[in-house]
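Asks: The structure's right below; bear with me while I get my questions together.
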Amino acid sequence: MVRSIRTGLRKDGPVGYIHSVTSNHIILPIASRFLSVATYNSFETFLSLGYWPSLRNPRTFNEKLLWRKLNDNNPLYPVVTDKYRVRNYVAARIGTQVLTKLLYVTDDPTTIPFGTLPHSFVIKANFGAGRNVFVRDKNTVDRAGIVSRCRAWLAEKGNSRLDKWKLHDMPRLVLVEEMLDCGDGEFPIDYKFYMFHGRTRMVEVASDGNSKCRRNLYDEAGQLLDVVWNNRRESLTDFQFPARVGELKRVAETLAADFDFVSVDLYMVNDAPMFGEISLFPDGGLGRFVPRSFDTQLGSYWRLDTGKG
């Protein structure tokens with residue numbers, strides 16, 4: 001709880017954090033009881049971004065994400081949203097060499113075999129975001145606490161009225177995977193490729209080194225963008241793309257080929273690309289851009305077929 005408060009204050013500032021808590025824990029739960037699905041989601045967007053989204057003629061990136069959430073029933077979406085099922089999707093298109101080693105999978109966290117697992121590993125839920133435990137040293141962690149946390153993930157109730165197909169009917173699982181590192185004890189840099197109709201239009205580069213997350217945004221030519229997204233103001237300094245960034249891009253293009261838009265997360269570990277995840281709704285479609293005009297610019301790359309809604 002204390003950690004989440006500190007993170008929120010650092011990310012949003014005191015005023016923004018109070019606004020976020022009030023919106024998410026008071027206003028929106030009440031609104032969800034009375035508003036239609038479309039109106040509720042539009043209201044949530046308004047509270048987060050400061051404008052009421054157009055669903056009839058979506059133009060901004062976030063408007064188009066919201067339209068997708070409400071209208072697009074692509075059968076691949078539940079597959080790539082599931083962190084377990086997506087492994088087969090990736091293996092069929094790229095190969096298993098880009099997948100982290102899966103050490104264990106279960107729907108009963110009490111069966112996690114801590115004794116036989118390697119020294120370090122990652123425990124995650126197969127659904128949603130932020131449901132991860134990074135175990136650096138299994139001999140010093142609170143195993144009972146981890147099991148309790150995993151049970152809480154599996155017990156979460158999705159709102160089928162508001163969440164549509166995305167989470168509420170997905171089989172809940174806990175995955176244990178190898179922990180990626182580059183040999184220096186730090187997590188590898190995360191490269192998020194924002195793919196529109198198979199083409200890279202933006203790359204987000206994120207580093208969690210020294211327990212502090214820093215991010216830069218680049219255009220398709222690798223030029224640094226003067227854009228802040230969702231109050232992520234801590235930037236990387238003296239960053240250079242790896243020599244084999246083209247290989248990362250080719251992997252992203254292959255995985256994005258079936259979609260009009262996705263974000264593909266990749267890592268470069270020991271000069272080899274590794275898969276992270278495929279995201280359909282970056283920041284839940286609620287990420288504020290500064291300047292706001294970039295929301296429209298990014299949305300212009302997405303030729304959304306609203307006729308299928």
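Asks: Scan (1) closer than 27 Å to residue 186 by Cβ; (2) surrounded by fewer than 16 Cβ atoms within 10 Å (Cβ to Cβ); (3) in the same structural domain as residue 276 (by TED's automatic domain parsing); (4) not aliphatic (A, V, I, L, M) for the single condition residue 93 breaks and write down its number.
Replies: For residue 93, the failing item is (1).
Asks: List every residue pair whose Cβ atoms sit under 8 Å apart, with the two residues 6 or more apart in sequence or on different chains, where the first one lies in the stretch 60-79 and is in contact (Cβ under 8 Å) with a residue 12 or more places away in the chain and at negative phi and the second, anywhere, is part of a loop (DSSP other than H, G, I, E, B) and basic (Lys, Arg).
Replies: Close Cβ pairs (under 8 Å, with a partner that is part of a loop (DSSP other than H, G, I, E, B) and basic (Lys, Arg)) amount to 69/164; 69/166; 70/164; 77/166; 78/85; 78/166.
Asks: Pairs under 8 Å by beta carbon, first residue free of Cβ contacts under 8 Å to residues at least 60 places away in the same chain in the stretch 234-248, partner acidic (Asp, Glu), six or more apart or different chains?
Replies: Qualifying pairs under 8 Å: 242/271; 244/271.
Asks: May I ask you to list the residues in the stretch 149-172 that are part of a helix (DSSP H, G or I) and either modelled with pLDDT of 70 or more or more than 18 Å from the chain's Cα centre (by Cα) (or both)? It would help to see each step written out before you state the result.
Replies: As a first pass, look at the stretch 149-172 and keep what is part of a helix (DSSP H, G or I): 149-155, 160-163.
Correct list: 149, 150, 151, 152, 153, 154, 155, 160, 161, 162.
Asks: Something else: Residue by residue through the stretch 110-128, note down the ones that are touching a residue at least 12 places away in the same chain (Cβ under 8 Å), surrounded by fewer than 18 Cβ atoms within 10 Å (Cβ to Cβ) and not in a strand (DSSP E or B).
Replies: Our first condition is that a residue be touching a residue at least 12 places away in the same chain (Cβ under 8 Å); within the stretch 110-128, this holds for 110, 112, 114, 117-128.
Those still in the list that are surrounded by fewer than 18 Cβ atoms within 10 Å (Cβ to Cβ) too: 110, 114, 117-120, 122, 128.
Selection gives 110, 114, 117, 118, 119, 120, 128.
Asks: Looking at this structure, is residue 15 outside the structural domain of residue 175 (by TED's automatic domain parsing), at pLDDT 85 or above and either loosely packed, with under 15 Cβ neighbours inside 10 Å or under 21 Å from residue 131 (Cβ atoms) (or both)?
Replies: Numbers: outside the structural domain of residue 175 (by TED's automatic domain parsing): yes; at pLDDT 85 or above: no; either loosely packed, with under 15 Cβ neighbours inside 10 Å or under 21 Å from residue 131 (Cβ atoms) (or both): yes.
No, not satisfied.
Asks: Residues in the stretch 239-271 that are under 20 Å from the mean Cα position of the chain (by Cα), of a type in the set (Gly, Ala, Ser) and assigned to a helix (DSSP H, G or I): how many?
Replies: Counting residues in the stretch 239-271 that are under 20 Å from the mean Cα position of the chain (by Cα), of a type in the set (Gly, Ala, Ser) and assigned to a helix (DSSP H, G or I) gives 2.
Asks: Is it the case, given these coordinates, that residue 136 is at pLDDT below 95, in contact with a Ser or Thr (Cβ under 6 Å, 6 or more places away or on another chain) and surrounded by fewer than 18 Cβ atoms within 10 Å (Cβ to Cβ)? Don't jump to the end; show me each part of the working.
Replies: Working: at pLDDT below 95: yes; in contact with a Ser or Thr (Cβ under 6 Å, 6 or more places away or on another chain): yes; surrounded by fewer than 18 Cβ atoms within 10 Å (Cβ to Cβ): yes.
Yes: the conditions hold for residue 136.
Asks: Taking residue 296, is it modelled with pLDDT of 95 or more, polar (S, T, N, Q) and more than 28 Å from residue 175 (Cβ to Cβ)?
Replies: Values: modelled with pLDDT of 95 or more: yes; polar (S, T, N, Q): yes; more than 28 Å from residue 175 (Cβ to Cβ): yes.
Yes: the conditions hold for residue 296.
Asks: Any residue in the stretch 235-257 that is among the charged types (D, E, K, R) and in contact with a helix residue (DSSP H, G or I) (Cβ under 6 Å, 6 or more places away or on another chain)?
Replies: First, the residues of the stretch 235-257 that are among the charged types (D, E, K, R): 238, 244, 247, 249-250, 253.
After this cut, where a residue has to be in contact with a helix residue (DSSP H, G or I) (Cβ under 6 Å, 6 or more places away or on another chain) as well, the list is none.
No, the stretch 235-257 contains no residue that is among the charged types (D, E, K, R) and in contact with a helix residue (DSSP H, G or I) (Cβ under 6 Å, 6 or more places away or on another chain).
Asks: Filter the stretch 211-238 down to residues that are of a type in the set (S, T, N, Q) and not in a loop (DSSP other than H, G, I, E, B) and give me whichever is nearest to the chain's Cα centre (by Cα). Working first, answer last.
Replies: Step one: list which residues in the stretch 211-238 are of a type in the set (S, T, N, Q), which gives 211, 216, 223, 230-231, 235, 237.
Filter once more, keeping what is not in a loop (DSSP other than H, G, I, E, B): 211, 216.
Numbers: 211: 19, 216: 16 Å.
Taking the candidates together, the pick is 216.
Asks: Separate question: I'm trying to understand the selection: among the residues of the stretch 86-107, which are in contact (Cβ under 8 Å) with a residue 40 or more places away in the chain and assigned to a loop (DSSP other than H, G, I, E, B)?
Replies: 94, 99, 100, 101, 107
To keep it simple, each residue is scored yes or no on (1) modelled with pLDDT of 90 or more; (2) within 20 Å of residue 283 (Cβ to Cβ); (3) in the same structural domain as residue 119 (by TED's automatic domain parsing); (4) surrounded by 15 or more Cβ atoms within 10 Å (Cβ to Cβ).
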{"residue": "174", "(1), (2), (3), (4)": "yes, no, yes, yes"}
{"residue": "197", "(1), (2), (3), (4)": "yes, no, no, no"}
{"residue": "202", "(1), (2), (3), (4)": "yes, yes, no, yes"}
{"residue": "217", "(1), (2), (3), (4)": "yes, yes, no, yes"}
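Asks: Scan the stretch 219-261 residue by residue and report those that are among the basic types (Lys, Arg) and surrounded by fewer than 16 Cβ atoms within 10 Å (Cβ to Cβ).
Replies: 233, 244, 250
The values are calculated or read from the model by the stated rules, or taken from the named source; none is laboratory data. Owing to the predicted nature of the structure, the values given are computational and were not obtained by experimental measurement. Here the Cβ is made from the backbone with ideal geometry for all residues, glycine too, and neighbour counts use every protein chain on show.
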